[in-house]
Amino acid sequence: MAASTAPVAPPVAGSTPSVEASPPPRAEQFDWLRQWYPVNVVETMDLTRPHKVPLLGLNLVAWNDGPVVDGRKQEGAWRVFEDACPHRLGPLSEGRVEEDGTLLCSYHGWRFDGGGDCADLPYAFSDKQRCNDRASCSSYPSRVIDGMLW
């Protein structure tokens, strides 16, 4: 059977063409999580404790990793982590900042350094048990500009 060679009529205005046109190119999607947001005025934040920070539906914790020197807390860098300990998802905002500037989870005593790595497991017997890649916190970039934590 031979293919039909009959001419195809042009589409009528208001009708749907028989051949689907390719969709128009999509504009790049805006990524809300890859932007900077003001979190808090730094001078209103206590250097000695973690602060719960809700942002865009995320639960975050902000804390300062400065050590205690001669009985006084020194200002270090402000850190922002997901407010969940990687061990049992306990809120890190309910923990405390230790004298060496690490963040301690109040539930099981895990401590985290400013980069999110596990700094200490109180019940680990060997260095091999102490730090594991899975024992790291999810951290976010942060900076202080004009007295505002971003």
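Please treat every number below as a calculation from the coordinates, not as lab data. Quick caveat, the model's predicted, so the values are computed rather than measured. Glycine gets a Cβ as well: all are built from the backbone with ideal geometry, and neighbour counts include every protein chain shown.
Give me the number: length gained by fully extending Tyr123 to Phe30, i.e. 0.36 nm times residue separation minus the C-alpha to C-alpha distance, one decimal in nm.
Fully extending the segment from Tyr123 to Phe30 adds 29.0 nm.
Using a Förster distance of 41 angstrom, determine the FRET efficiency expected from the C-beta separation of Met148 and His108, and round it to 0.05.
So, using R0 = 41 Å, E works out to roughly 0.75.
Stretch Ala77-Lys52 to full length: gain in nm at 0.36 nm per residue minus the Cα-Cα span?
My answer for the length gained is 7.3 nm.
Over the range 62-104, what is the relative contact order in whole percent, taking alpha-carbon pairs under 8 Å and six or more residues apart?
41
Would you mind calculating the gained length between Ser138 and Asp70 on full extension (0.36 nm times residue separation, minus the Cα-Cα distance), in nm to one decimal?
Separation in residues times 0.36 nm, less the Cα-Cα distance, equals 21.3 nm.
Label Ser22 and Arg88 with points 7 Å out from Cα along Cα→Cβ: what is the distance between them in nm?
About 5.6 nm separates the two model spin labels.
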